[in-house]
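Peer 1: A single structure is presented below for examination.
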Amino acid sequence: MIRISLSTLVSVLISSGGAVAQTTVAPADQQADIVVTGRGLADAPGDRAYDIVTIDRDRIQANASNRLESVLADVAGLQQFRRSDSRSANPTSQGISLRGIGGNASSRALLIFDGVPQADPFGGWVAFPAYATGRLGRIRVTRGGGSGYQGPGALAGTVELESATPDQAAPFQGSVAYGSRDSVDAQGSAALVRGSGFATLSGAYARGDGFTPTVEESRGIVDRAAPYEQVSGALRTVVGIGAKTELQMNASAFADRRDRGSDFTDNKSEGADASVRLIGRGRWGYSALAYLQTRAFASSFNSVNAARTTAIQSLNQYNTPATGLGGRIEIAPPLGESITLRLGADVRDVSGKTQELYTFVNTVPTRRREAGGSTTTTGVFADGSLVAGDFTFSLGGRVDWWSIDGGYLSERPLAGGAALTNLRYADRDGSETTGRAGVAYQPVEAITLRAAGYRGWRLPTLNELYRPFRVGNDATAANALLAPERLTGVEGGVTLTPAPGVSIAATYFYNRLKDAIANVTTTNPPQILPGVATYRVRQNLDAIRAHGFELDAAYRPGPIGVQASWSHTNSKVEGSGITAALDGLRPAQTPRDQVSGTVDWRRDAAALSLTVRHIGQQYDDDQNTRVLDPATTLDAYAALPIMRSLVAEVRGENLFNERVEAGISGANIVERATPRTIWVGLRYGGR
């Protein structure tokens, strides 16, 4: 905590991610304290009724890959659609989900950063290169749906990212590392505290020649390494206005270039975000948030012959612009120490379109496709907590009104002439009522019993409604008539804290995801595409049922610590009609078991850690015919002080070079995730 006079001027840079700095007026000034945190309203006491895992800054920093998706893998059950990370995966496959309700390129978990929803406005996937780990101070994962005041979209849970505080990040901090395959990974940040406010500025850059995604026995002469280059920056300013009010301003941008390991598979993503949030912490608490997101995505696809000797361009998705606008306002009335209540409303409007060239003849496109639309969701919510002796109760609910508007699909020959397709889809609207309720009972200090029920929902993304896509020789058609997904779930668990530094949490859950959106294989494709071997169409399944348990444990008696997480899930599809053939099968991209365990040692600036992760067998397709083998990997991290504020780092990913299968396409062509990667670098953090 920094003590300063109110009369000190506020210097404002703008920061990358930051969040909590505290500045307080000295008692000698005889004025009210000013506490500037950079955060939203306080966590609800009722959260103790739910299954929540928190990842602290030390663990975020001591990570072998230095990437957000790898940090999130500490929470078993939290997965992406594909096993690849953001250096080699197609960006459109990086949706996040929880609790085995089925892999989906669109996220089924709600991701928010400093209060702002982060899913891509067009596709619902996550732009992981936009989130440098040096920006983050805390990650909080809530398993289970029905987020209430945080917004719609939390079918399986909520992932909250919070910016690092200036005291966490240091006034000046930077790191640079050189890795396998001529890779570079660099991050830097600066924090300035003046008067009743602070500002932070940060940036990150990563590049590499990449590895060959296609496994050796599947390769042909068309296969090669897949390079990447990524950059991001962020600015953040937090200013105290009076004793109990603060203004938070954020701006960030990123650019991401990747290649998929053969000709005509390059892709690029770009985006910029801005937000303003006003927080009041007086007797009546309040929060008012407004934000803007812009995105652009482009990707090329190819068709490869059976011998993998030639690759020709099959699709050029040359631009997919999208915009997200939204805001939220909430109040927390004074109801006493034992009762907390948050009331409010939020709105999110997204629009976008895909623009593509296709049907290539002699390497020249002959047709152009454009498809898109917009969706709007407006909601009101209430969320309350009651602490009554050994019991804590939580109850929250929301009503959302949604609309899908202006949907269209236009396909025309480039040479001119009549449109091949010119569809205008009917506008649709509806409403959804969701919520959650939970209770925690603490009969003795070391034991907390938990039970909760919840209902969540998700509107189909513009990508699912309107954009067809192709991966190699596999094509998937969109479906403008998709219905929203709705999940109902219950859970029960116990948290044990038998000694200081010891925590064990076990949770059993049951979820049923009605109208789950899936890519369903069909023998009656909506259109014939040259070179396509497998056709799929997005459809609403009857449901996906998932039940299982999660076990999380942590032990830190001193410098040495152990943490572990295990998720075991049984998931089945309920199908009828066009999806009847899938009834009883496991959803695609859904492993039965996920395990993560870390042993680490920390002392001042020195640190050592080993992390083992296991992911069970899963299927790459809806028909359970393409099997992705289980994989177990070992990561390592070491930080060794050289002098004050300067540390040497050595990081190792997948040390035993385990084959991690990420996808199977065409004639059993197997794609892998990151092989063994070694990093050596320096980290500076001075005051």
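Peer 1: Just want the answer: with Cβ charges of +1 for Lys and Arg and -1 for Asp and Glu, which residue in Gly123, Ser175, Gly77 is farthest toward the dipole's positive end in the stretch 77-192?
Peer 2: About the Cα centre, the residue reaching furthest to the positive side is Gly77.
Peer 1: What's the percent breakdown of Cα-Cα distances in the stretch 85-171 across 10 Å bins, shortest bin first?
Peer 2: For the stretch 85-171, the pair-distance distribution reads 17, 47, 29, 6, 0.
Peer 1: Can I ask one more? Collect residues whose amide H, placed 1.01 Å from N in the peptide plane, falls under 5 Å from the amide H of Phe113; neighbours closer than 5 in sequence don't count.
Peer 2: Result for Phe113 returns Gln118, Leu161.
Peer 1: If the cut-off is a Cα-Cα distance under 23 Å, which lysines reach Lys514, setting aside same-chain residues fewer than 8 apart in sequence?
Peer 2: Lys572
Peer 1: Further question: For a quick check of understanding: with a 1.4 angstrom probe and all protein chains in place, what accessible area in square angstrom does Lys514 have, to the nearest ten?
Peer 2: 100 Å²
Peer 1: How big is the dipole moment of the stretch 297-382 about its Cα centre under a simple scheme where the beta carbon of each Lys and Arg is +1, that of each Asp and Glu is -1, and everything else is neutral? Debye, nearest 20, please. Walk me through the numbers on the way to the answer.
Peer 2: On the way: 8 positive and 6 negative charges, 95 e Å.
The calculation lands at about 460 debye.
Peer 1: What is the dipole size for the stretch 215-311, taken about its Cα centre, with +1 at each Lys and Arg Cβ and -1 at each Asp and Glu Cβ, in debye to the nearest 20?
Peer 2: Working: 13 positive and 11 negative charges, 133 e Å.
It works out to roughly 640 debye.
Peer 1: Over the chain, what is the relative contact order in whole percent, taking alpha-carbon pairs under 8 Å and six or more residues apart? Intermediate values should be presented prior to the final figure.
Peer 2: Values: 2203 pairs, mean separation 88.0, N = 687.
Across the chain, relative contact order equals 13 percent.
Peer 1: Could you give the size of the charge dipole of the stretch 575-670 about its Cα centre, using +1 on the Cβ of each K and R and -1 on the Cβ of each D and E, expressed in debye and rounded to the nearest 20? Don't jump to the answer; show the numbers that get you there.
Peer 2: Details: 9 positive and 13 negative charges, 76 e Å.
The dipole magnitude comes to about 360 debye.
Peer 1: Cα to Cα, under 15 Å, and not fewer than 8 places away if on the same chain: which aspartates and glutamates meet these conditions relative to Lys244?
Peer 2: Within the straight-line cut-off, Lys244 pairs with Asp33.
Peer 1: Sticking with this one: Please compute the modelled spin-label separation between Ala272 and Ala415, points set 7 Å along Cα→Cβ, answer in nm with one decimal.
Peer 2: Output for this residue pair reads 4.1 nm.
Peer 1: In addition: Projecting each Cα onto the charge dipole of the stretch 254-353 (Lys/Arg +1, Asp/Glu -1 at the beta carbon, about the Cα centre), which of Ser287, Ser262, Leu335 comes out farthest on the positive side?
Peer 2: Leu335
Peer 1: Under a crude label model (7 Å from the Cα following the beta-carbon direction), how far is Met643 from Asn624 in nanometres?
Peer 2: 6.3 nm
Peer 1: With every protein chain kept in the model, how would you rank Tyr684, Tyr131, Tyr205 by accessible area, 1.4 Å probe, largest at the top?
Peer 2: Numbers: Tyr684 105, Tyr131 15, Tyr205 75 Å².
The residues order as Tyr684, Tyr205, Tyr131, largest area first.
Peer 1: Compute the FRET efficiency between Val650 and Thr497 as 1/(1 + (r/R0)^6), taking r as their Cβ-Cβ distance and R0 = 25 Å, and round to the nearest 0.05. Don't skip to the end; give the middle numbers.
Peer 2: Working: r = 34 Å, r/R0 = 1.36.
Plugging the Cβ-Cβ distance into 1/(1 + (r/R0)^6) gives 0.15.
Peer 1: On average, how much area does the Cα convex hull of the stretch 351-460 cover when viewed from any direction, in nm²?
Peer 2: Working: hull surface 46.9 nm².
Projected over every direction and averaged, the Cα hull of the stretch 351-460 covers 11.7 nm².
Peer 1: While we're on this one: I need the P(r) histogram for the stretch 221-326: all alpha carbon pairs, bin width 5 Å from 0 out to the longest distance, whole percents.
Peer 2: 3, 11, 15, 13, 12, 10, 9, 8, 6, 5, 4, 3, 2, 1, 0
Peer 1: Same structure again: May I ask you to derive the relative contact order of the stretch 162-241, considering only C-alpha pairs under 8 Å and at least 6 residues apart, and to give it as an integer percent? Kindly include the intermediate steps, with their values, before the conclusion.
Peer 2: On the way: 148 pairs, mean separation 21.1, N = 80.
After rounding, I find 26 percent.
Peer 1: Under Stokes-Einstein, with the Kirkwood radius over Cα pairs standing in for Rh, what whole-number D in µm²/s applies to the stretch 189-231 at 37 °C and 0.692 mPa s?
Peer 2: On the way: Rh = 14.0 Å.
Taking Rh from Cα pairs, D becomes 234 µm²/s.
Peer 1: Local charge sum around Leu655 (other residues, Cβ-Cβ under 14 Å, Lys/Arg +1, Asp/Glu -1)? Kindly include the intermediate steps, with their values, before the conclusion.
Peer 2: Working: positive: Arg613, Arg651, Arg659, Arg676; negative: Asp635, Glu653, Glu658.
Result for the neighbourhood of Leu655: +1.
Peer 1: When the chain is fully extended, how far beyond the present Cα-Cα distance does Glu217 get from Ala446, taking 0.36 nm per residue of separation? Intermediate values should be presented prior to the final figure.
Peer 2: Values: separation 229, 0.36 × 229 = 82.44 nm, distance 5.38 nm.
Gain on extension, Glu217 to Ala446, equals 77.1 nm.
Peer 1: Can you work out the FRET efficiency for the pair Gln617 and Val562, with r the C-beta to C-beta distance and R0 = 30 Å, to the nearest 0.05?
Peer 2: For R0 = 30 Å, the calculated efficiency reads 0.65.
Peer 1: FRET efficiency for Leu481 and Phe391, Cβ-Cβ distance as r, R0 = 30 Å, nearest 0.05?
Peer 2: On the way: r = 46 Å, r/R0 = 1.53.
Computed FRET efficiency for Leu481 and Phe391: 0.05.
Peer 1: By accessible area of protein heavy atoms, probe 1.4 Å, what ranking do Val494, Val562 get, highest first? Kindly include the intermediate steps, with their values, before the conclusion.
Peer 2: Values: Val494 40, Val562 65 Å².
Output order, biggest surface exposure first: Val562, Val494.
Peer 1: Let me ask another. Taking the Cβ of Ser202 as the centre, find all other residues whose Cβ is under 11 Å away and add up their charges (Lys, Arg: +1; Asp, Glu: -1). Don't skip to the end; give the middle numbers.
Peer 2: On the way: positive: Arg135, Arg236; negative: none.
So the environment of Ser202 carries a net charge of +2.
Peer 1: When the convex hull of the Cα atoms of the stretch 593-687 is projected onto a plane and the area is averaged over all directions, what value comes out in nm²? Intermediate values should be presented prior to the final figure.
Peer 2: Values: hull surface 31.9 nm².
With the hull built on Cα positions only, its mean projection is 8.0 nm².
Peer 1: Roughly how many percent of the accessible protein surface of the chain is carbon and sulfur, given a 1.4 Å probe and a whole-percent answer? Intermediate results must be reported in sequence, preceding the final value.
Peer 2: On the way: 15760 of 26410 Å².
Within the chain, the accessible surface is 60 percent carbon and sulfur.
Peer 1: Hey, what's the per residue convex hull volume over the C-alpha atoms of the chain, in cubic angstrom?
Peer 2: On the way: hull volume 99.9 nm³, N = 687.
Per residue, the Cα convex hull of the chain comes to 145 Å³.
Peer 1: I'd like the accessible area for Glu661: 1.4 Å probe, protein heavy atoms, all chains in place, Å² to the nearest 10.
Peer 2: 10 Å²
Peer 1: If packing is taken as the average count of other Cβ atoms within 10 Å, what order do 579-585, 108-114 fall into, highest mean first?
Peer 2: 108-114, 579-585
Peer 1: What are the ³J(HN,Hα) values, in whole Hz, obtained from phi via the Karplus relation 6.51 cos²θ - 1.76 cosθ + 1.60 with θ = phi - 60°, for each residue of the stretch 582-599 in sequence order, with x given for Gly and Pro?
Peer 2: Whole-Hz 3J(HN,Hα) from phi for the stretch 582-599: 8, 4, x, 7, 7, x, 4, 6, 10, x, 6, 10, 9, 9, 9, x, 9, 10.
Peer 1: Still on this structure, please answer the following. Over the stretch 542-687, what is the mean sequence separation of C-alpha contacts under 8 Å (at least six apart), divided by residue count, expressed as relative contact order in percent? Before the final figure, lay out each step's value.
Peer 2: Values: 356 pairs, mean separation 22.3, N = 146.
Relative contact order for the stretch 542-687 comes out at 15 percent.
Peer 1: Could you tell me which residue out of Gly406, Ala382, Gly453 lies farthest along the dipole of the stretch 361-462 toward its positive end? Charges go on the beta carbon: Lys and Arg +1, Asp and Glu -1, centred on the Cα centre.
Peer 2: Gly406
Peer 1: Still on this structure: For the stretch 575-630, what is one quarter of the convex hull surface built on the Cα atoms, given in nm²? List each step's numbers first, then the result.
Peer 2: On the way: hull surface 21.5 nm².
Over all viewing directions, the stretch 575-630 projects a mean Cα-hull area of 5.4 nm².
Peer 1: Can you give the net charge of the other residues whose Cβ lies under 9 Å from the Cβ of Asn540, counting K and R as +1 and D and E as -1?
Peer 2: Working: positive: Lys514, Arg538; negative: Glu485, Asp515, Asp542.
Charge balance near Asn540 sits at -1.
Peer 1: Something else now. Any idea how far the Cα center of the stretch 545-615 sits from the one of the stretch 248-289, in Å?
Peer 2: Value for the Cα centre distance between the two parts: 28 Å.
Peer 1: Quick check: pseudo-label points 7 Å beyond the Cα along Cα→Cβ at Arg224 and Ser403, how many nm apart are they?
Peer 2: A separation of 5.0 nm, rounded to one decimal place.
Peer 1: Skip the ligands, DNA and RNA, and give the accessible area per residue of the chain with a 1.4 Å probe, whole Å². Show your work: numbers first, answer last.
Peer 2: Details: 26410 Å² over 687 residues.
That works out to 38 Å² per residue.
The values are calculated or read from the model by the stated rules, or taken from the named source; none is laboratory data. These numbers were taken from a predicted model, which means no experiment stands behind them. A quick note on method: Cβ atoms are made from the backbone with ideal geometry, for glycine too, and the neighbour counts reach across all protein chains shown. Quick note on the areas: whole protein, heavy atoms, side chains included, nothing else; ligands and nucleic acids left out. Shrake-Rupley method; radii C 1.70, N 1.55, O 1.52, S 1.80 Å.
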